[in-house]
1. Going by what's in this entry, would Gly130 be described as crowded, with 20+ Cβ neighbours inside 10 Å, part of a loop (DSSP other than H, G, I, E, B) and at positive phi?
2. Go through segment 76-122 and report how many residues are at pLDDT below 90, part of a helix (DSSP H, G or I) and among the aromatic types (Phe, Trp, Tyr).
3. Checking Ala156 against (1) among the small types (Gly, Ala, Ser); (2) within 14 Å of Val109 (Cα to Cα); (3) touching a residue at least 40 places away in the same chain (Cβ under 8 Å), which single condition isn't satisfied?
4. Which residues, taken from segment 133-190, are out of contact with any Gly (no Cβ under 8 Å at 6 or more places or on another chain) and acidic (Asp, Glu)?
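The values are calculated or read from the model by the stated rules, or taken from the named source; none is laboratory data. Predicted model, so just to flag it, every value in this text is computed and none were measured. Because the Cβ atoms are built from the backbone with ideal geometry, glycine has one as well, and the counts that use them run over all protein chains shown.
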Amino acid sequence: MWLTCDAEMIRQRKNTPERRARLKDIDLTTISWYLQEFEVLKAPHPNALTLDTSHCKPEQTAQRILEHVRGTNNGASAADARDRSNGYEGISEEFISGRTRSSIGAATVRQWAKAIPPGSDVLDLGCGHGAPISEALVDEGLNVYGVDASPSMIAAFRARFPQAPAECEAVEDSQFFGRKFDGVVAWGLV
């Protein structure tokens, strides 16, 4: 699920003493990554939720989000509760097009992969079509296994990596190929 916030409300809230005290703990590279990632996907996500939380306490905001998720089958569009991809199947063409042009996350995953011996088996949860995350893992000499709930994206993953085992299923339903792995990546899944 994606949560969109009113920019003016954020500007008003960020200048409070409490907020300034918390800002010192925020990793600005992570925020920058999320801003770039949202630019990659220009199509509106079917599960986007817009809330005005300016009058809510954090627990009230969390409750409203939880109510939305419960009311739409764990984030799936109410119109198609059978879509275990949480809406990604419906926007797969746009997502694949945008994500193919993006290298967001690849450098971080490459650095992480260097700590794993070549030839190790790595599970990519929410692998999508494989670019750039699975691609980086393969480039580092790792054996990639992919799990994604979008049939279109897993088909593109299989076309890109014909040697890589891949399953089309929701991560929360997966048996993870019935085995253990040397590492697991879930870039952008949560």
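1. The answer is yes for Gly130.
2. 1
3. Just one mismatch for Ala156, condition (2).
4. Result: Glu135, Asp139, Glu140, Glu169, Glu172, Asp173, Asp182.
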